[in-house]
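Here is the structure we will look at.
The values are calculated or read from the model by the stated rules, or taken from the named source; none is laboratory data. Treat the numbers as computed from the prediction; the structure is a model and nothing was measured. Heads up, the Cβs are rebuilt from the backbone with ideal geometry, glycines too, and the neighbour counts pull from every protein chain shown. Surface accessibility is based on the protein's heavy atoms, side chains included, excluding ligands, DNA and RNA. Shrake-Rupley method; radii C 1.70, N 1.55, O 1.52, S 1.80 Å.
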Amino acid sequence: MRANTMAAMILAGGRGSRLLDLTNKVAKPAVHFGGKYRIIDFPLSNCANSGISTVGVLTQYESVLLNAYVAKDQFWGLDTNDGGVYVLTPREKDKKGLEVFRGTADAITQNIDFLDSINPEYVLILSGDHIYKMDYSEMLRYHQEKQADATIAVLQVTLKEATRFGIMNCDENDMIYEFEEKPAHPKSTLASMGIYIFTYKTLRKYLLADDKNDKSSHDFGKDIIPAYLNDKRKLTAYRFKGYWKDVGTVDSLWESNMDLLKDDDELNLSDPSWKIYTEDVNALPQFIGKEAKVENAYITQGCVVLGEVKNSVLGTNCEIGKGAKVVDSVILPGVKVGDGAKITRCIVADDVEIAPGAILGSADSENIELVAKKYVE
């Protein structure tokens, strides 16, 4: 067996039901973001930029498009002789039949044979549905310096937000002594980002023991981490201070796209030192008509803008008709907005056609409207 310092496993099999019609036929990590990207591009690009050459992507729900996409590992420069991107799906096993992933930990357990073939010293566990940039090699150095059995990336959230996350309670040296999964009354505001580094030999033992426990939910937050703590294993918190967003809802997906338009954009997709890689779509250059008005907008290649676009993100090959207005909105690839239509504070799903004169969304609405019908009268 060849040895690897660290392999990454990206959990990308969730339903993403809070994104409503955006994930009816597409897995959440395959949803478009920022004009031309997909959400899965971020953890994959982070792996490539961090020097991690072997990445397993664990898929399950509506995985056909996602599987085909991530299999093209050349997009992220991961098509190397000693690595690559491996699509790992639930599969039928001898005497067991087909088993879906029962939880985040079970997804890794079902692929222990894959990890054993790689023989990594450390395993990086990631989620496939977060928007952020992160150098995982720095987190690994921290894990090694602390001589930890497991390291959990954390960030500060508000007390109100803390009820939505796994919360770490740490001592003055950032050693974790208690973990609370979505507590009603959190004791701290250090939230888990769903990014873990485990020393593999130790993790392997815990995963196999958890697999035999019929009462377990087979989840890292609910079962594996508490088991480590019960056994007095050394867990440490790695404090992350950059941009990170869980885009699991329509509102949060909209907010993260809007963040790209801010003067103090923390994500900065134009940063040449930490590129986010994606499929290079074959599209014509964008065209802005002579009567068009564009203010503070992300406009991707292939777009034709004849109307007005303000404070919005336009995906690849979108068309904005004459007299149409798109304000404070996220328009996903392939959308056609008819002449005179008005779109305000909306996300418009891929390939939707908006009829001429249609009025969608409102500047006064607290919630973002998702437009996912093929044609809106």
I'm trying to understand the selection: among the residues of segment 230-285, which are open to solvent by less than 30 Å² (accessible area, probe 1.4 Å), of a type in the set (D, E, K, R) and in contact with a strand residue (DSSP E or B) (Cβ under 7 Å, 6 or more places away or on another chain)? none
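Give segment 193-221 a look and list any residue that's assigned to a strand (DSSP E or B) and either over 19 Å from Gly13 (Cβ atoms) or open to solvent by less than 10 Å² (accessible area, probe 1.4 Å) (or both), or say none.
Within segment 193-221, the first condition is being assigned to a strand (DSSP E or B), and the residues that meet it are 193-199.
Residues satisfying the conditions are Met193, Ile195, Ile197, Phe198, Thr199.
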Within segment 330-377, residues surrounded by 14 or more Cβ atoms within 10 Å (Cβ to Cβ), in contact with a Ser or Thr (Cβ under 7 Å, 6 or more places away or on another chain) and assigned to a loop (DSSP other than H, G, I, E, B) come out as Pro333, Arg345, Gly361
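If I go through segment 136-160 residue by residue, how many of them are out of contact with any helix residue (DSSP H, G or I) (no Cβ under 7 Å at 6 or more places or on another chain) and either over 23 Å from Leu229 (Cβ atoms) or not in a helix (DSSP H, G or I) (or both)?
Of the residues in segment 136-160, the ones out of contact with any helix residue (DSSP H, G or I) (no Cβ under 7 Å at 6 or more places or on another chain) are 137-148, 152, 154-160.
Subset that is either over 23 Å from Leu229 (Cβ atoms) or not in a helix (DSSP H, G or I) (or both): 137-138, 141, 146-148, 152, 154-160.
Qualifying residue count, segment 136-160: 14.
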Can you report the number of residues in segment 140-155 which are touching a residue at least 40 places away in the same chain (Cβ under 8 Å) and loosely packed, with under 15 Cβ neighbours inside 10 Å? 1
Which one of the conditions (1) at pLDDT 95 or above; (2) over 25 Å from the mean Cα position of the chain (by Cα) does Leu203 fail to meet, given that it meets all the rest? (2)
Residue under evaluation Glu62, criteria (1) in contact with a Ser or Thr (Cβ under 8 Å, 6 or more places away or on another chain); (2) without any contact (Cβ under 8 Å) to a residue 60 or more places away in the chain; (3) of a type in the set (D, E, K, R); (4) open to solvent by less than 40 Å² (accessible area, probe 1.4 Å), criterion not met: (4)
